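I have placed the structure first, in the form of structure tokens, so that the comments after it can refer back to it.
The values are calculated or read from the model by the stated rules, or taken from the named source; none is laboratory data. What you are looking at is a predicted structure, and each value in this text was computed from that prediction instead of being measured. Using ideal geometry, Cβ is built from the backbone for each residue, glycine included, and neighbour counts are taken over all protein chains shown. When the accessible area is computed, the model is the full protein with side chains, heavy atoms only, and any ligands, DNA or RNA have been set aside. Shrake-Rupley method; radii C 1.70, N 1.55, O 1.52, S 1.80 Å.
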Amino acid sequence: MQQVDVVVIGGGAAGLFCAIEAGKRGRKVLVLEHAERIGKKIAISGGGRCNFTNLNTSPDNFISDNRHFCKSALARYTPGDFVSLVEKHGIPYHEKKLGQLFCDGSSRTIIEMLLTEASAAGVEIRCGSLVRGVAKREHFEVETNNGTITSQSLVVATGGLSIPPLGATDFGYRLARQFGLTIRAPWPALVPFTLSRETLRELTTLSGISIDAVVSCQGQQFRENILVTHRGLSGPAILQISSYWRSGLSIAINLLPDHDALKLLLEPESKDITLANFLSQFLPRRFAFAWCALNFPSQPLKRYTPGQLATIAQKLNNWEVVPTGTEGYKKAEVTAGGIATEELSSQTMVVKNIPSLYFIGEVVDVTGQLGGYNFQWAWASGYAAGQNA
Ligand SMILES: Cc1cc2nc3c(=O)[nH]c(=O)nc-3n(C[C@H](O)[C@H](O)[C@H](O)COP(=O)(O)OP(=O)(O)OC[C@H]3O[C@@H](n4cnc5c(N)ncnc54)[C@H](O)[C@@H]3O)c2cc1C
């Protein structure tokens, strides 16, 4: 039976980073990854260029039952720390917008950086190694398809349920249950919405059109593009708000975020123009026509009563849409919910009443907004556990 100091289950961003840090401390570390290669999500992230952190990271960018939990780890390993590492490896990068840092080249450069660091720290990485179960006696006994390994510390970095073909499993949640830990029920986040057949009938021809809008739900709001898809709505503003949405709720879309729509509609020079043509000055033309077909038959503005104009304006600045659902884990960039934070030390990620068992990364109930925050959480929580495991 092989013996090591630390077994890390999951060779994604969090697991690799934790392994590197523990290895640097002289610990004998083994990473077990069931896929045939590590870092599959890193490879496809950020459209292949990996949005590896966000310069503006703050605890407010995360969803969790306990909004304070992430503070300690984020403070001890900052975006600046990760940028220094990226620069040490000579990886060219740029800020795209809103503090989001992307590689100039391929995401693979980040994976190669992690592999180089892991090798320098003496970390062993074993791919094709599926963890079947874990028992805790004096040490952990980790049963894999290639035999059993014993370790003093066990770090669970198996991620969430998103994108099963990339290796996602519910193993982390199952293991947490086995050890009696509370789990906050997971849900797909950063995910496109689906719409009713009636709404899609008008909008489906607009597939691919994107609009600058403010989208809000449950007191949160985001201004970025929304994108019409053949199944519903996507785009950065929609992905962001999806993390806060729950089944049955509506989302509000302000299609004219820079204008008071009623003021525009009441301008004297607006009187003879039809509603659809009028809106085409502010929105993509095809969208303006479809939106009118869906909501208000278009006619010259002068034919609407003041009350009707007020209703139209209200809908332009606050278009309420009730999604029928989301595209689920097959399309969700992350899984929200997870191991309840009250079970873990915010300093080290260790399970409070099971010394030497750690949970890090996406499997924990800490979920970042869109924009590099999820990787920053993976690095920071991995770093925190790596100083201790
Ligand atoms: C399409 C897409 C694009 C994204 N782009 C970005 C981005 O640009 N910026 C950003 O910040 N975030 C992005 N994310 C989110 C980010 O990738 C994740 O939040 C992050 O990878 C989580 O890291 P993790 O290590 O916790 O989990 P993961 O990266 O999911 O790693 C978990 C690993 O555990 C392995 N595993 C699971 N079960 C077992 C088992 N039983 N035995 C052995 N191994 C197991 C899995 O194969 C996987 O390799 C994106 C996500 C997706 C899906």
request  = Could you go through the range 82-95 in sequence order and give the Karplus-derived ³J(HN,Hα) for each residue, using 6.51 cos²θ - 1.76 cosθ + 1.60 with θ = phi - 60°, rounded to whole Hz, and x for Gly and Pro?
outcome  = 5, 4, 4, 5, 4, 5, 4, 8, x, 8, x, 8, 8, 8
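If packing is taken as the average number of other Cβ atoms within 10 Å across a peptide's residues, how do 244-256, 135-147, 275-287 rank, most packed first?
Listed from highest to lowest mean packing, they are 275-287, 244-256, 135-147.
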ask   = Helix 108-120 versus the longest principal axis of the chain: what is the Cα-based angle in degrees, 0 to 90, to the nearest 10?
value = 20 degrees
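Helix-only mean residue ellipticity at 222 nm, the chain, DSSP H runs n ≥ 4 weighted -39,500 (n - 2.57), per residue, nearest 500. What is it? Don't skip to the answer; put the middle values down first.
Numbers: 13 runs with 120 residues, N = 389.
One gets -9000 deg cm²/dmol as the mean residue ellipticity at 222 nm.
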ask   = In the full protein assembly as shown, how much of residue 373 is accessible to a 1.4 Å probe, in Å² to the nearest 10?
value = 20 Å²
ask   = With charges set only on the Cβ (+1 for Lys and Arg, -1 for Asp and Glu), what does the dipole of the chain come to about its Cα centre, in debye to the nearest 20?
value = 420 debye
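For the range 169-323, take the convex hull of the Cα atoms, compute a quarter of its surface area, and give me that in nm², please. Intermediate results must be reported in sequence, preceding the final value.
Working: hull surface 42.6 nm².
Over every viewing direction, the Cα hull of the range 169-323 projects on average to 10.7 nm².
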remark   = Heavy-atom accessible area per residue of the range 182-340, all protein chains kept, 1.4 Å probe, expressed in Å², is 45 Å²
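Considering just Cα atoms, how many Å³ per residue does the convex hull of the chain enclose? Walk me through the numbers on the way to the answer.
Working: hull volume 52.6 nm³, N = 389.
For the chain, the hull spanned by Cα atoms encloses 135 Å³ per residue.
Hull surface divided by four, with the convex hull built on the Cα atoms of the range 239-389: how many nm²? Kindly include the intermediate steps, with their values, before the conclusion.
Working: hull surface 49.0 nm².
The orientation-averaged projected area of the Cα hull of the range 239-389 comes to 12.2 nm².
How large a share of the accessible area of the range 156-237, in percent, is made up of carbon and sulfur atoms when the probe is 1.4 Å and the other protein chains stay in place?
Values: 1740 of 3520 Å².
Percent of accessible area from carbon and sulfur atoms in the range 156-237: 49.
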task = Can you tell me the order of 288-300, 187-199 when each peptide is scored by its average per-residue count of other Cβ atoms within 10 angstrom, highest first?
result = 187-199, 288-300
message = Between residue 196 and residue 120, how high is the FRET efficiency from 1/(1 + (r/R0)^6) when r is the Cβ-Cβ distance and R₀ = 56 Å? Nearest 0.05.
response = 0.55
query = Once the range 10-104 is represented by equal point scatterers at the alpha-carbon sites, with solvent omitted, what log10 I(q)/I(0) does the Debye formula produce at q = 0.11, 0.12, 0.20 Å⁻¹?
reply = -0.39, -0.47, -1.25
remark   = Per the 1/(1 + (r/R0)^6) rule, R0 = 30 Å and r from the Cβ atoms of residue 71 and residue 324, FRET efficiency to 0.05 is 0.25
ask   = How would you order 332-343, 40-51 from highest to lowest mean count of nearby Cβ atoms within 10 Å?
value = 332-343, 40-51
Extension gain, residue 25 back to residue 174 (0.36 nm per residue minus Cα-Cα distance, nm) = 50.7 nm
key: Listed residues 140, 309, 181: farthest to the positive end of the dipole of the chain (Cβ charges)   = 309
message = Using amide H atoms built in the peptide plane, which far-off residues or other-chain residues are under 5 Å from residue 319 H to H?
response = 253, 254, 255
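Convex hull over the Cα atoms of the range 43-188, averaged projected area in nm²?
So the Cα hull casts an average projection of 10.7 nm².
Note down the net charge around residue 340, summing +1 for each Lys or Arg and -1 for each Asp or Glu among other residues with Cβ under 9 Å from its Cβ. Numbers along the way, then the final one.
Numbers: positive: 184; negative: 65, 342, 343, 365.
So the environment of residue 340 carries a net charge of -3.
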